[in-house]
Every structure is written in C-alpha cells, then in structure tokens.
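Heads up, the thing below is written out as structure tokens.
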Amino acid sequence: MKDANFTNLANRWVCDLVPYTPGKPIEELERELGINQSIKLASNENPLGASPKAIEAAKEALSSVHLYPDANGFYLKEALSKQHGLPANCITLGNGSNELLVFLAQAFLNPSVGAVYSQYAFAVYPIVTQMMGAMHQEVSALPAEHPMGLGHDLRAMYAEINSNTRIVFIANPNNPTGTWLSSDRLKDFIGALPPHVICVLDEAYTEYSEEPSEASQWIEVYPNLVVTRTFSKAYGLASLRVGFALSHPNIAGLLNRIRPPFNVSGIGLAAALAALDDQSFIAESRRINQLGMDQLHKGLAGLGLATTPSQANFVLAHFPTSVDEINKRLMSDGVIVRPVKNYSLPNALRISVGTQEQNERLLAVLARSL
Ligand SMILES: *Cc1c(COP(=O)(O)O)cnc(C)c1O
C-alpha cells in the first residue's frame, strides 16, 4: 500500500477513539489454538439460542431477500406498540440497540455539550459521546463496599448535570457489572431532570430482571425519557441486529431523520416479530438463567471469589490479582469469557450465564487453575 496518513484530515476526536472490544468469537479461538468444542460465555448471548418460531420466521423471510425490507417495520412496530401501550410513532427501530445509541448521540451531542454516564457503565456510551466530539461527564460509581458497589450513583450523576448536559445514559441492569436501580429511585431521578437533558435508559437485559420494568409507561409523564431495548440478549437474535427505542414522538421524529433507510433487515424484522409472540421462550430463558446464576454464584463463592450482585444474564467475578493468566488458561481449555481491563477492572472477569453443563465446565477449569 502507498504511504498515506489521513489522521490530520479526520475529526480530532475520531482519531482519539478507542474501538469497542467485542467478545472473542468461537471460530477465532479454535482457529488460533487448533481446538474444538469450545464454549463462549463472553457476550451475554442466550445459551438456549432463539425461539424456534423466530428461526422459522427468519427462514421464511429468506425467500424475499431480493426485496428491500419494509423501511417502516410496520408489523414489528404494531406488535411493540401493543406490548407497551404506546402509539407506533413513539417507536424507532435500530440495527441493534447500539445503533439507537448512535442516533441519539448524533441527534443531541456536539463539541459544546456533554453526556453524563457512570464509571463502569456500558462501553458504548463513552464511544458515541466521543464520536460526536462531545464532553465526557463520567461520574464515579458507588464504592466497592456499597451493597450495589460499582453500580450507578444516581445522586452523584444528578450533581454532575449542568446547562451543557444533553444526555444522561443509564443502563438498568448495567453491563459489565450486572448492578441495577430500583424503579422508585430511577423514577425520582428522571422526574427531577431539567427539560434540556434527555435520559437514555438502556434496558438491554430487562427481560432477566426480577421485576418487569414499567419504564416505557413513564414516557407519557416524562417526555425527555428514551427507553432502549434489544432482541440480542434474552430473545437470542444477536446476529440479526434488531433493537428499538421508545420515546416521545418528537424524539422519535428526530431519530428517524438520521436513521438510514432499511436499517433493519427483512429477516430481522420477521424473526423479531415471531420472537415477541413467543413469551414462553422468554419465560424459559429466565428460568434457566436464574438456575445458572445460582449455580455460578455458589460455585464462584466456593472458589473464594467475590461477585458483584447481578440481575442480568452474566456475573462479574473478582480475582485477587490480574486475570491475564487465568483467562489464558480458560481459553486454552476452550472456555471464552470476557476480561474487563478496558473498563479499568483488570482483576475481574465478566462471565455470561450458560447452560448447566457450560457453567459446570467453566467452574471446573477455574477450580483447576486457581
Ligand atoms: C448488548 C448491549 C446492548 C446492545 O446490544 P445490541 O445487540 O446492539 O442491541 C446495549 N446495551 C447494553 C448495556 C448491552 O449490554
């Protein structure tokens, strides 16, 4: 390749961006180590796969791949509208909920305003903030000794809000910590926000929470609330990239101006619609996750490892020292988990809840390696 450098032409803040670190794909590990039968507990995917009805719908949609999909996602929006009791003009569909976070940043952030988010919050919030050259208003998380240690400190986040703040990102439950916020505290926080601040409430793991979230019902009362959801986690459709945002129609109208046409595929739309209709699959996923979570908590405690409380489908396990070595051991035994050094947690691993056998295998390798 010819010698060339374009960094001096690009936006300064783009050059400084650190790309998102994804979980290691199974094929990559197996290719690198020449092993097979690996398991991945690194990206909070559903170990049960997806609803068979969703797979069936996706297969059927394959016969129409030569046609552009419905750019308005009419049927999926109609079903979501019914589920949440909100008009369809409150819904924006995204290529995964990640894309909705990008739209929100593009709509509301620029170099003279900022976004508030917590330390240890989902890594995409600082990325989309920086993507727009906006100001980072990162707030210290609750201290480790707090019962919800590493979780969002809503009081401190509120104190950080100023006249330049445009977005507050909140993940409930949060990734990578698994920590959560009570409905009452959250509602008080949102209710107290000044009108120039938009609260983006990321509910990627809400299907796993103990209490069903009512946040979508708050939109009618608090017009500056945006709730994002995804079909990637409990619904098991991560590869199809379907997410949605619920908001005041005026915010949805802004996001729609940015949204590229046909951002969600016809296969994704069809599968998500069928998945939504199969709530028994979600109930079973919750049940298996609860069992696996208990199994992991007990097993990790048995190995003397502390864990952060979690209402999601993963658990953050804390080791006495850096996890570099233990992570190598796990990988050489075909177990992929997620180191969280990029979150400044070099002594912790985020472990997705797998099937009972997968969890057992992880615990056995850990027991041998410690
Ligand atoms: C996984 C995840 C998402 C986004 O997932 P998509 O596949 O883009 O829908 C959003 N927020 C959090 C906190 C997540 O962990």
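So, restricting to strands (runs of 3 or more DSSP E) that lie completely within the stretch 256-370, which ones have at least 2 residues that are open to solvent by 20 Å² or more (accessible area, probe 1.4 Å) and not charged (D, E, K, R)? Where strands (runs of 3 or more DSSP E) fall fully within the stretch 256-370 and carry at least 2 residues being open to solvent by 20 Å² or more (accessible area, probe 1.4 Å) and not charged (D, E, K, R), they are 345-352. Checking each residue of the stretch 30-49 against the condition of being of a type outside the set (Asp, Glu), farther than 30 Å from GLN290 by Cα and open to solvent by less than 40 Å² (accessible area, probe 1.4 Å) gives no match.
Of everything in the stretch 229-255 that is more than 15 Å from the ligand (Cβ to nearest atom) and part of a loop (DSSP other than H, G, I, E, B), the residue that is least open to solvent (accessible area, probe 1.4 Å) is SER247. If you go through the stretch 94-123 and keep only what is more than 11 Å from the ligand (Cβ to nearest atom) and assigned to a helix (DSSP H, G or I), you end up with PHE103, LEU104, ALA105, GLN106, ALA107, PHE108.
Can you tell me which residue within the stretch 157-186, out of those that are more than 14 Å from TYR120 (Cα to Cα) and hydrophobic (A, V, I, L, M, F, W, C), is farthest from the ligand (Cβ to nearest atom)? Before you say what the answer is, go through the steps one by one.
As a first pass, look at the stretch 157-186 and keep what is more than 14 Å from TYR120 (Cα to Cα): 158-168, 181-186.
Checking which are hydrophobic (A, V, I, L, M, F, W, C) leaves us with 159, 161, 167-168, 181, 186.
On the way: ALA159: 23, ILE161: 21, ILE167: 14, VAL168: 15, LEU181: 13, LEU186: 15 Å.
Of everything passing the filter in the stretch 157-186, ALA159 is farthest from the ligand (Cβ to nearest atom).
TYR68 meets each of the listed conditions (1) closer than 30 Å to ASN342 by Cα; (2) assigned to a loop (DSSP other than H, G, I, E, B); (3) in contact (Cβ under 8 Å) with a residue 40 or more places away in the chain apart from (1). Pairs meeting the criteria (first residue in the stretch 326-348 and free of Cβ contacts under 8 Å to residues at least 40 places away in the same chain and over 17 Å from ASN44 (Cα atoms), second residue crowded, with 16+ Cβ neighbours inside 10 Å and of a type in the set (Phe, Trp, Tyr), beta carbons under 7 Å, at least 6 apart or on different chains) are ASN347/PHE319.
The values are calculated or read from the model by the stated rules, or taken from the named source; none is laboratory data. Fair warning: this is a prediction, and the values are worked out from it, not measured in the lab. Positions of Cβ are backbone-derived with ideal geometry, glycine not excepted, and every protein chain shown enters the neighbour counts. Note: areas computed on protein heavy atoms with side chains; ligands, DNA, RNA excluded. Shrake-Rupley method; radii C 1.70, N 1.55, O 1.52, S 1.80 Å.
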